[in-house]
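Down below is the structure, laid out as structure tokens.
The values are calculated or read from the model by the stated rules, or taken from the named source; none is laboratory data. What you see is a predicted model, and the numbers here were worked out from it, not measured in a lab. Using ideal geometry, Cβ is built from the backbone for each residue, glycine included, and neighbour counts are taken over all protein chains shown.
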């Protein structure tokens, strides 16, 4: 293609009609008039050739990316949507009967579910989207000037500052507004600042593996595979994998592994694999194989080995099920145990468990799972603080909340809610 | 004989859900290309899904007077607008971090990422111009159909098409 010297958009006003002329988009009168003009205007004749070539070049430019087939996913989504409507209709009828019968039991139950101390949660069912938006506003307002989120009000970062920052970033992913964008951006820079030369995030202590996996997931989710800190964190995760396939505390022996740490490393590797790091497959398989070795005959996932349940089996069973379901490789007895756990976990007293249950239900995706997820989400939104200075936040009394406080509970609640709307820690697809 | 899009939409409106699978099979790849051309590489598949879910949800609003692709791309455009803010957040975060790292002298992106071709030039166009080019030149909609999808007068589509091609032409000449 040649371009005449001193070319400007307005060298000939009729140039504006040339693309439409080439595409047969002019009226008959316009077309004739332009043909007459072309006989006398060398500028437009040259430009016409250029536009013709340009149109061909654009039409022939290759489109990258693998072929898509969304049929199964769309039909599954529509099925879930139908189930939800059915369940809602059923719930309305059931509610009517409850009112008609004047059940004293209901009143007693409501009394037993008094909101946590210092909060004004109403138990009211608000849309998940509204709850998430309000949670996002609360989180944005709680971000520290250096970009981190942290537990408590002290000036010095706590041991879990990186993990809390990463969880808050994930929770804000997809939240509305410029403020959320800015907060996420500042958080990404804060995380990059916390990376050690070895690639892990935050100090080297008992929180290192959690902090690093969460930071890698948050940075991959917000910045994609181009995030250099995420890739360096990933290398650290890979180098920390134990010969047995799982992961454990950085200062523990090479043989010591646990499912809680392993699950987060696996989620980080899966996220990276979805970003195009296909070289991680063998590591993921080894991690999953170790996880599977901790499942007992009843399908329950142990903490460091089969039938090892120092904190109960429910949370680790849900976490293990999430990893297995994301890979579509879930042993039947694990699935049965997980669904039992899910049915028993509809009161969100423990946000750690609640998150894994919600995410695994979504990954499962059947109508039964969708129904349970809907119930769980309604319970989560009902626990949100709706007025006062902490409006928009969540507070729970589980063992992680004592370390991460309201920031932790709020981020996990939002992730659990988003796990039901297709956001949150859902693996992103990259071409 | 294969049913036309219009016939399939009528079946879908009448409650025959199997028609949706045929429509998806027929249009999912062009839709994925549409979203990728607009810049949604990571989210193209999700956006295609979202478009078909909306197609099902709004199946009774379809009027046979309108060409099916006009209806489909109107839904796709709405899915794109809803997904755009999320995409922008991600891009801004990535950019902010990249700038921060460059200031500290971190590794520059590999040279293979820097491409100066039609595809790149297209992605650098103002979004309002890019969508006109994509719908018209790549998805094959006429100016009138583009104007229906975007809710703009045909004259505006024509002038945006010129502005887009003029800009592409200028950029590619600059690069050559």
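Residues of the range A:131-161 that are assigned to a loop (DSSP other than H, G, I, E, B) and at pLDDT below 90: A:151, A:152, A:153, A:154, A:155, A:156, A:157, A:158, A:159, A:160. Condition check for residue A:30 on (1) without any contact (Cβ under 8 Å) to a residue 24 or more places away in the chain; (2) more than 14 Å from chain B (Cβ to nearest Cβ): one failure, at (2). The set of residues in the range A:174-201 being assigned to a loop (DSSP other than H, G, I, E, B) and surrounded by fewer than 24 Cβ atoms within 10 Å (Cβ to Cβ) consists of A:174, A:176, A:177, A:194, A:196, A:197, A:198, A:199.
Residues of the range A:143-184 being away from chain B (no Cβ under 14 Å) and under 20 Å from residue A:418 (Cα atoms), which ones? Matches in the range A:143-184: A:149, A:163, A:164, A:167. Only one entry of A:348, A:331 meets the criterion of being more than 22 Å from residue A:409 (Cα to Cα) and touching a helix residue (DSSP H, G or I) at 6+ places or on another chain (Cβ under 7 Å), and that entry is A:331. I'd like the full set of residues that are at pLDDT below 50, more than 7 Å from chain B (Cβ to nearest Cβ) and surrounded by 12 or more Cβ atoms within 10 Å (Cβ to Cβ), limited to the range A:5-24. Listed by number, the list holds a single entry, A:7. Restricting attention to the range B:118-160, the residues that are in a helix (DSSP H, G or I), more than 11 Å from chain A (Cβ to nearest Cβ), modelled with pLDDT under 90 and more than 12 Å from the chain's Cα centre (by Cα) add up to 1. In this structure, residue B:94 does not satisfy being at pLDDT below 90, more than 8 Å from chain A (Cβ to nearest Cβ), in a helix (DSSP H, G or I) and surrounded by 19 or more Cβ atoms within 10 Å (Cβ to Cβ). Can you say whether residue B:6 is facing chain A (nearest Cβ under 10 Å), under 30 Å from residue A:60 (Cα atoms) and outside any loop (DSSP other than H, G, I, E, B), as far as the supplied structure shows? So residue B:6 does not fit the description; no. When the residues of the range A:222-246 are filtered to those that are crowded, with 20+ Cβ neighbours inside 10 Å, within 8 Å of chain B (Cβ to nearest Cβ) and not in a loop (DSSP other than H, G, I, E, B), the one that is nearest to the chain's Cα centre (by Cα) is A:222.
The residues on offer are A:299, A:276, and the sole one that is surrounded by fewer than 19 Cβ atoms within 10 Å (Cβ to Cβ), in contact (Cβ under 8 Å) with a residue 12 or more places away in the chain and at positive phi is A:276. Being assigned to a helix (DSSP H, G or I), more than 7 Å from chain A (Cβ to nearest Cβ), modelled with pLDDT under 90 and under 22 Å from the mean Cα position of the chain (by Cα) is a description that does not apply to residue B:163. In the set (1) at pLDDT 90 or above; (2) in a loop (DSSP other than H, G, I, E, B), the condition left unmet by residue A:396 is number (1).
Considering each residue of the range A:33-47, count those that are farther than 20 Å from residue B:132 by Cβ and either assigned to a loop (DSSP other than H, G, I, E, B) or within 14 Å of chain B (Cβ to nearest Cβ) (or both), and give that number. Number of matching residues: 5. Just wondering, is there one or more residues in the range A:328-342 that are touching a residue at least 40 places away in the same chain (Cβ under 8 Å), out of contact with any strand residue (DSSP E or B) (no Cβ under 8 Å at 6 or more places or on another chain), buried (at least 22 other Cβ atoms within 10 Å of the Cβ) and closer than 22 Å to residue A:380 by Cβ? No.
Criterion first (assigned to a helix (DSSP H, G or I), modelled with pLDDT of 85 or more and more than 13 Å from chain A (Cβ to nearest Cβ)) does residue B:51 satisfy it? No. Pairs meeting the criteria (first residue in the range A:119-147 and over 17 Å from residue A:415 (Cβ atoms), second residue at pLDDT below 80 and assigned to a loop (DSSP other than H, G, I, E, B), beta carbons under 6 Å, at least 6 apart or on different chains) are A:121/A:115.
How about the range A:346-383: which of its residues are assigned to a loop (DSSP other than H, G, I, E, B) and either modelled with pLDDT of 90 or more or surrounded by fewer than 24 Cβ atoms within 10 Å (Cβ to Cβ) (or both)? Result: A:346, A:347, A:349, A:350, A:365, A:366. Just one of the numbered conditions (1) in a loop (DSSP other than H, G, I, E, B); (2) more than 10 Å from chain B (Cβ to nearest Cβ) is not true of residue A:65: (2). Considering only residues that are more than 10 Å from every other protein chain (Cβ to nearest Cβ) and not in a helix (DSSP H, G or I), look in the range B:11-39 and name the one that is surrounded by the most Cβ atoms within 10 Å (Cβ to Cβ). Selected residue: B:39.
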